[in-house]
Amino acid sequence: MQLPVWMECLVWWRKKPPVPFSVLFKKFKSILERNNAILELIADMGDKLGGDYIYDRQYIFASCEKLGDQVFKLVSDLSLLCQRKNVALFNAFEGIQHQIAEELAGRRTLSRTDHILPLAELTHDLVDEGGNKMASIGDIRNILGFAVPEGFVITAGAYFEAMEQAGLRKLAAETTRRLCGNGGQGLVEEARRLRQAILTMALPKGLARAVEQAARHLSGNGREMLAVRSSAWGEDGEASFAGMYESVLGVAAGDIPAAYQQVLASLFCEEALRYRLHRDQCGEEPAMAVGVMRMVDAAVSGGLYTYAPLGEQDQAMVVSAAWGLGKPIVDGTAETDTFLLGRDPPHTLFSADISTKSSKLCLDPAGGTRTLDVAPEARDVPCLTGDQLDRLARTAMNLERFFKRPLDVEWAITTSGDLVILQARPLSIRPRACALRPDVAEAARDAPVLLSGKGITAMGGVASGPVHLVGEGEDLSDFPYGAILVARHSSPRFAKVMPKCRGIITDVGSATGHMATIARELRVPALVGAGPATRTLRQGQEITLDADHVVVYAGVVEALCRNELVREDVFEESWEYRTLKRVLRHVSPLTLLDPKSEAFRPENCKTFHDIARYVHQRAVDKLITLAETHQEITKGAPRKLDTKLPLGLTVIDVEGGLDPAAGPGADEKDIRCRPLKAILEGMNISGMWETNPVAVDMGSFMSSLTRTVGADMAHPARLGRNLAVISKEYLNLHLRLGYHFTVVDAFLGGSINDNVIYFRFMGGVTDFTRRSRRASLVAAVLEQFDFVVEIKGDMVTGRVKKHPTRAMLDKMFMLGGLIGYTRQLDAKLDSDEAGQRHLEHFFNRIAAVKETRE
Amino acid sequence: MIPDTPDTRAPGPDASTERRRTSILILDDEPIVCKRLKPFFQKAGYEAEAFNQPAEALARVEERRFDVVITDLKMQGLDGLAFLGKVKALYPDTDVIVITGFATLETARESFRKGVFDFVAKPFKLTKILDGVRRIEKERGLVP
């Protein structure tokens with residue numbers, strides 16, 4: 001095998017005398033540049049999940065390739081700089097690269113190899129593991145927060161393992177292929193044979209044990225009955241396979257393995273095979289995940305269609321309900337009450353058709369179910385109260401908005417009065433009024449426009465309802481159900497009313513903020529940065545928000561809203577969206593946080609971001625040690641710079657950055673490097689460094705935590721080694737203060753055209769919200785000082801160039817103040833308003849200092 | 001290529017009395033692009049048709065004229081430049097926006113030489129392509 005180029009270099013290197021510092025420094029600089037490029041690429045990919053962009057699979061492939069290439073080169077660069085092979089780091093890189101390749105190849109690298117996943121961990125992110133139906137139930141429970149039966153899913157991975165071990169995976173594929181080839185000859189016999197084989201196969205021992213154990217636990221050691229439900233890939237999706245797969249109800253814990261196999265076998269029942277044949281799905285391997293859930297001891301059960309299929313009532317949903325368990329209702333064998341309700345709040349009851357309900361299905365304490373007589377006095381009364389209907393209607397509308405489809409919802413009300421959602425699947429009959437007709441476009445054309453063209457789509461979609469204006473710090477507990485929230489600033493505290501509100505519009509806000517993230521998760525249409533929204537829109541005014549097109553119409557544009565429910569494809573369910581999201585799991589999370597912890601090792605790099613972080617840290621460390629131990633290779637000896645503030649700064653003077661007369665213990669007086677001088681002055685003079693800023697009344701914000709963190713960060717031991725590489729005009733500064741991480745790269749004082757400052761700021765230990773707030777604050781400051789700013793998550797980069805040297809030095813001074821100011825700010829940014837206050841405070845402070853200086 | 005200028009957007013759909021809608025044909029062999037662009041334009045008040053197959057799109061433009069054509073450049077079968085050449089030959093006053101994931105200066109130059117109205121690199125923001133269409137409407141007097 002041929003040695004990679006970088007290894008050859010290493011071999012060459014060992015034989016040669018030490019490399020000149022200028023060469024190593026060049027390598028160091030290229031690491032920094034590559035690191036920046038990687039972080040920007042990662043952030044760029046993350047942005048694409050926002051729904052604002054059109055991208056295709058080509059983009060995903062190309063970005064992954066570019067990123068992989070850059071990260072590999074970054075690791076190689078570090079090997080050159082450190083003259084080490086870094087095997088562990090290369091291995092980590094290979095591992096991540098492999099996982100990404102598998103995701104892209106569509107081999108659904110099940111991110112979880114578990115046989116069993118508790119419902120509490122399941123959302124659509126794990127749709128491949130849990131199957132469609134159970135993933136939806138997971139969303140309903142874990143994202144929307146409605147009650148569903150307790151349970152777990154036996155994953156698609158478990159299915160593959162069982163089939164593989166029994167030698168049936170190949171047989172199933174061959175059978176399917178054969179049937180597709182011959183137009184389905186002998187399908188009945190083939191189906192019977194396959195099903196029989198699956199019913200009688202032996203489950204892998206580990207799997208059987210895991211299933212039995214989970215079932216025993218779920219049933220409370222056999223006290224409660226369980227339901228076993230199919231959750232195949234694609235079931236209830238575009239291809240519905242409705243009703244083809246089996247569900248087994250009222251199963252005792254000990255019988256779960258048998259019921260499991262029964263459901264698995266239904267994957268190859270006649271109807272399903274025929275369906276696949278006709279839908280031309282022969283090439284796709286099917287898989288069956290299976291949900292196991294506690295049976296709900298229901299007092300009342302039923303179904304709900306969010307659109308009445310009959311078409312008489314355009315704007316109605318229909319509820320059917322009966323006493324006891326729901327199976328007879330779903331099967332259509334029970335006498336049921338039928339209610340027609342308005343789709344819009346207050347969900348008026350249009351009609352109630354009460355039938356005589358003489359029998360009901362109940363759980364049999366001895367196992368299974370049995371039919372009982374309904375008590376005479378209960379037979380002819382409605383089995384749902386007005387309150388219960390209202391609760392059902394609201395819940396169903398929330399589900400519909402989330403899934404963006406008219407839905408068929410199965411529900412139950414327990415003996416203690418709790419509403420439980422058993423399942424929600426797309427309604428197969430599309431409401432008459434939903435067809436995308438030309439009048440949809442007409443309606444949009446003719447509706448009066450209130451706001452248009454200004455704002456960023458944080459979450460796409462259409463919503464209509466009355467405006468509800470929310471003032472700063474206003475109590476949200478009585479936010480009206482079904483309204484559209486309109487506020488000056490976006491705020492994560494809106495999260496708690498998102499299930500109640502239909503849409504969000506803010507005057508100011510960012511699409512990468514925390515609120516936007518939550519809105520996307522809950523799929524609430526949201527428009528931020530919309531300018532005069534709070535001034536234009538009136539309290540209670542009916543509006544329609546079209547976040548995709550950045551338009552707000554007066555009144556309810558019915559056609560637009562309905563159209564929202566018949567999107568041919570929901571973007572969040574597309575291959576592109578899901579693949580990018582899955583790929584990003586291996587790319588963007590940062591798990592290596594603390595360079596001082598034991599865990600800060602190459603083996604622990606789980607994502608490309610981790611690798612970039614690790615390499616950057618090692619490169620900075622290396623440059624410092626290099627300078628310390630190989631003084632002969634550096635032109636200017638490295639010095640500990642004695643600064644007024646505890647910065648722990650090591651300085652490498654490449655040329656003319658320090659007074660030549662200064663000894664090894666140089667201090668600030670000896671600095672000749674103009675950008676460094678300016679930034680240190682900013683830190684010192686502006687008075688921003690103090691742990692307790694004076695002019696701001698922090699009051700209760702100054703929690704004890706803040707104090708602790710503040711004091712802790714000021715301690716020199718926490719500061720570690722920071723590095724500045726300088727010349728007379730050049731500064732490359734790496735500052736890690738606490739968990740904040742700042743890079744400044746500046747060249748000032750040559751010709752005006754060469755003047756440039758690059759500033760990057762990231763990190764922090766607080767939650768993402770506060771870090772994002774701090775990012776917005778830093779960005780606002782930089783913009784004020786003419787920087788071209790980009791915010792990606794909590795990383796802010798700013799660039800400014802070609803201003804006169806004098807003005808550039810002022811900017812450096814300001815940066816010094818900013819670095820000092822923000823280091824003790826994190827924990828205090830507990831509201832968007834606090835961010836605004838701090839911004840003003842900072843500007844005032846800098847302006848004042850500047851005046852006194854002049 | 002035009003720079004990203006989200007804030008200089010033309011005003012939204014206005015309450016015109018004109019009933020004729022601007023018609024758009026979309027051609028891209030990546031289904032996701034069609035699936036997202038078509039409903040997007042329909043909801044914005046346009047008449048939109050989308051095709052994954054260049055041959056089908058070609059057959060369609062031979063049947064009728066569209067005000068705007070949005071096409072990918074690199075596709076299996078017929079390439080976007082050839083398609084746009086045919087469209088321009090049939091209807092010189094149809095405006096074409098090229099969208100491509102392989103944007104180079106060369107392809108951009110070539111596109112503009114063939115009379116393309118706008119050249120948009122993928123991935124792009126939805127509002128950006130809407131901008132392009134609105135500018136066409138303005139220049140062609142399709143909106144009052």
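The values are calculated or read from the model by the stated rules, or taken from the named source; none is laboratory data. In this text, all values refer to a predicted model and were calculated from it rather than measured experimentally. No Cβ is skipped: glycine too gets one built from the backbone with ideal geometry, and neighbour counts run over all protein chains shown. Heavy atoms of the whole protein, side chains included, go into the accessibility calculation; ligands, DNA and RNA do not. Shrake-Rupley method; radii C 1.70, N 1.55, O 1.52, S 1.80 Å.
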**OP:** Consider a paramagnetic label point 7 Å from the Cα of B:Asp93 along Cα→Cβ; state which residues of region B:107-144 have an amide N under 11 Å from it.
**Re:** B:140-142
**OP:** For a quick protection proxy, order the peptides A:24-34, B:81-91 by their average other-Cβ count within 10 Å, most packed first.
**Re:** A:24-34, B:81-91
**OP:** Bin width 10 Å, alpha-carbon pairs only: give the P(r) of region A:117-224 as whole percents, running from 0 to the bin holding the largest distance.
**Re:** 13, 31, 32, 19, 5
Original post:
Which trypsin sites (Lys or Arg not before Pro) from region B:90-132 combine a DSSP loop assignment with at most 16 other Cβ atoms within 10 Å?
Top reply: B:Lys114
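Is there a simple number for the mean count of other chain Cβ atoms within 10 Å of the Cβ of residues in B:119-128, and what is it? Please report the intermediate quantities before stating the final value.
Numbers: counts 0, 1, 0, 7, 13, 4, 7, 9, 8, 3.
The shielding value for this peptide is 5.
How many partner chain Cβ atoms sit within 10 Å of a residue's Cβ in peptide B:23-36, on average, as a whole number? Don't skip to the end; give the middle numbers.
Details: counts 0, 0, 0, 0, 0, 2, 1, 7, 6, 11, 5, 2, 7, 13.
Taking the mean over all residues of the peptide, I get 4.
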Original post:
When Cβ neighbours within 10 Å are restricted to other protein chains, what is their mean count per residue of peptide B:41-52?
Top reply: 4
Subject >> For region A:201-217, Karplus couplings with θ = phi - 60° (6.51, -1.76, 1.60), whole Hz, Gly/Pro x >> reply: 5, 8, 6, x, 4, x, 5, 4, 5, 4, 5, 4, 5, 5, 5, 4, 4
Original post:
So how far apart, in nm, are the two label points at A:Glu790 and A:Ala88 if each is 7 Å from Cα heading toward Cβ?
Top reply: 3.2
Original post:
Taking the simple approach of a point 7 Å from Cα along Cα-to-Cβ for both A:Ser477 and A:Glu33, what is their distance in nm?
Top reply: 5.9
Subject >> Efficiency of FRET between B:Glu106 and A:Lys581 - r from beta-carbon atoms, R0 30 angstrom, step 0.05 >> reply: 0.35
**OP:** Could you work out the local net charge near A:Val409, counting Lys and Arg as +1, Asp and Glu as -1, over the other residues with Cβ closer than 9 Å to its Cβ?
**Re:** -2
Original post:
If R0 is 25 Å, what FRET efficiency do you get for A:Thr852 and A:Asp642 from their C-beta distance, rounded to 0.05?
Top reply: 0.45
Subject >> Förster radius 22 Å - calculated FRET efficiency between A:Ala662 and A:Asp621, Cβ distance, rounded to 0.05 >> reply: 0.35
Original post:
In whole Å, what are the Cα extents of region B:33-134 along the three principal axes, biggest one first?
Top reply: 34, 31, 26
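Under a point-charge model restricted to the Cβ atoms of Lys and Arg (+1) and Asp and Glu (-1), what is the dipole moment magnitude of chain B relative to its Cα centre, in debye to the nearest 20? Kindly include the intermediate steps, with their values, before the conclusion.
Working: 24 positive and 23 negative charges, 45 e Å.
So the magnitude is around 220 debye.
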Original post:
Along the Cα-to-C-beta direction of A:Ile752, a point sits 7 Å from the Cα; which residues of region A:800-815 have their amide N less than 19 Å from that point?
Top reply: A:800-812
Subject >> Summed buried accessible area for B+A [probe radius 1.4 Å, Å², rounded to 100] >> reply: 3300
**OP:** Extending each Cα 7 Å along its Cβ direction at B:Arg20 and A:Cys180, get the distance between those two points in nm, one decimal.
**Re:** 4.8
Original post:
So what's Rg/Rh here for region A:246-366, counting alpha carbon atoms and using the Kirkwood radius for Rh?
Top reply: 1.07
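Using a 1.4 angstrom probe on the protein heavy atoms only, line up A:Thr607, A:Thr805 by accessible area, largest first.
Values: A:Thr607 5, A:Thr805 30 Å².
The most accessible residue leads, giving A:Thr805, A:Thr607.
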**OP:** Using the Cα centre as the reference, give the magnitude of the dipole from point charges on the C-beta atoms of region A:489-554 (Lys, Arg: +1; Asp, Glu: -1; all else neutral), rounded to the nearest 20 debye.
**Re:** 280
